[in-house]
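Below is one structure, written out as structure tokens; comments come after it.
Just so it is clear, none of the values below were taken in a lab; they were calculated from the coordinates. Worth saying up front: this structure is predicted, and the values here are computed from it rather than measured. Ideal geometry is used to build each Cβ from the backbone, glycine not excepted, and the neighbour counts take in all protein chains shown.
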Amino acid sequence: MKYHVLTLFPEMIENGMKTSITGRAIEEGKIFLDSVNIRDYAFNKHNKVDDYPYGGGAGMVMQAEPVYLAYKSVSEHMDKKPKVIYLTPQGSVFSQKMAEELAVEDELVFLCGHYEGIDERVIEEIVTDNVSIGDYVLTGGELPAMVMMDAISRLVPGVLNNEHSAEFESFQDNLLEYPQYSRPEVWREKRVPQVLMSGHHANIERWRRQQSILRTKERRPELLKDADLDDADKLFLKSI
Ligand code: SAM
């Protein structure tokens, strides 16, 4: 997977992505990160890339041409038009399902806005997907791009070790994950659930499945209507 990030703050992307699991994946060549500074494509001597909005109003707007040239610098080396994701509060809300769909791409381009946003004409020209990370407004698209790259990278083969990637995760089957425990067995008088100490795999699996259903019902009941439940799950759900 190769990510190209068009941004005014490449150092923010680099610092965030080159840390922890994504950092190791970059070092090992499992994912590639190419952050492109839109300011390098400014067409004036002050490297200015924003201007006042036509029609008046507060704030500044990122101009079309530097964004377009930054995009061209990336796309001219590709065989086909890539998916270009504009991070915007006006987009479809990012989800695990979207991460799964994007993880199969070879390359993705992320466009990060700032200030009041980007001139609509270049968005119309280059963007294939408008994506939001939630119903709130941030100062820029860099954190949303990193949120997306983090979630997508976890699904790229080899980024997580195999043992971990095969495990149950929240949102698999539209259920939240069961609670997790680690050593010590007793912490401040709180004991790890006995079933997890039993070594009985079938019972552990059943307990975890039921905890997932219980937790989803308590915390995100709306997920249950699309959850993949078998007869035993449905019976358990009825009983709680
Ligand atoms: N004026 C814009 C509007 O009302 O839609 C908001 C601009 S916002 C202050 C600046 C930039 O932050 C946006 O261009 C976008 O790239 C990014 N951004 C802000 N909130 C976001 C969100 N919830 N999801 C994705 N990107 C967001």
*What per residue convex hull volume, in Å³, comes out for the stretch 186-239 when only alpha-carbon positions are used?*
99
*Using the charge dipole of the chain (Lys, Arg: +1 at Cβ; Asp, Glu: -1 at Cβ; taken about the Cα centre), state which of 59, 69, 22 has its Cα farthest towards the positive end.*
22
*Any idea what the relative contact order of the chain is, in percent, if you count C-alpha pairs under 8 Å spaced at least 6 apart?*
19
_Long-range HN-HN contacts of residue 2 with modeled amide H, under 5 Å_ = 32, 107, 108
*Kirkwood Rh and Cα Rg combined as Rg over Rh, evaluated for the chain*: 1.08
*Estimate the FRET efficiency between residue 169 and residue 80 by the formula 1/(1 + (r/R0)^6), using the beta-carbon distance for r and 41 Å for R0, to the nearest 0.05.*
0.85
*Quick one: what do you get for the stretch 113-240 if you divide its Cα Rg by 2.2 N^0.38 Å?*
1.47
*asked:* Checking understanding here: applying a Kyte-Doolittle mean of at least -1.0 and a length along the axis of at least 15 Å (C-alpha), which whole DSSP H helices in the chain pass?
replied: 64-75, 142-153
*asked:* For a Förster distance of 51 Å, can you work out the FRET efficiency between the beta-carbons of residue 182 and residue 128, rounded to the nearest 0.05?
replied: 0.75
_residue 118 long-range amide H proximity, modeled H, under 5 Å_ = 62
*Would you give the gap between the C-alpha center of the stretch 26-86 and the C-alpha center of the stretch 105-132, rounded to a whole Å?*
9
*Listed here are the pairs 18/45; 2/72; 30/72; which of them are more than 23 Å apart at the Cα?*
18/45; 30/72
*asked:* Give me the extension gain from residue 46 to residue 65: residue separation times 0.36 nm, minus the current Cα-Cα distance, reported in nm with one decimal.
replied: 5.3 nm
*What is the magnitude of the charge dipole of the stretch 1-121 about its Cα centre, with +1 placed on the Cβ of each Lys and Arg, -1 on the Cβ of each Asp and Glu, and no other charges, expressed in debye to the nearest 20?*
20
*Which net charge results for the neighbourhood of residue 1, defined as the other residues with beta-carbon distances under 15 angstrom from its beta-carbon, given Lys and Arg at +1 and Asp and Glu at -1?*
-4
*Could you tell me which chymotrypsin sites (Phe, Trp or Tyr not before Pro) in the stretch 49-140 are loop residues by DSSP with no more than 13 other beta carbons within 10 angstrom of their beta carbon?*
54, 136
*asked:* Give the lysines reachable from residue 238 as a straight Cα distance under 24 Å; neighbours fewer than 8 places away on the same chain don't count.
replied: 217, 225
*Just name one of 7, 102, 152: the one whose Cα is farthest towards the positive end of the charge dipole of the stretch 2-153 (beta-carbon charges, Lys/Arg +1, Asp/Glu -1).*
7
*In the chain, what percentage of the DSSP-assigned beta bridges are antiparallel, given to the nearest 5?*
20
*Which of 98, 62, 197 moves the most in a Gaussian network model of the chain with Cα springs under 10 Å?*
197
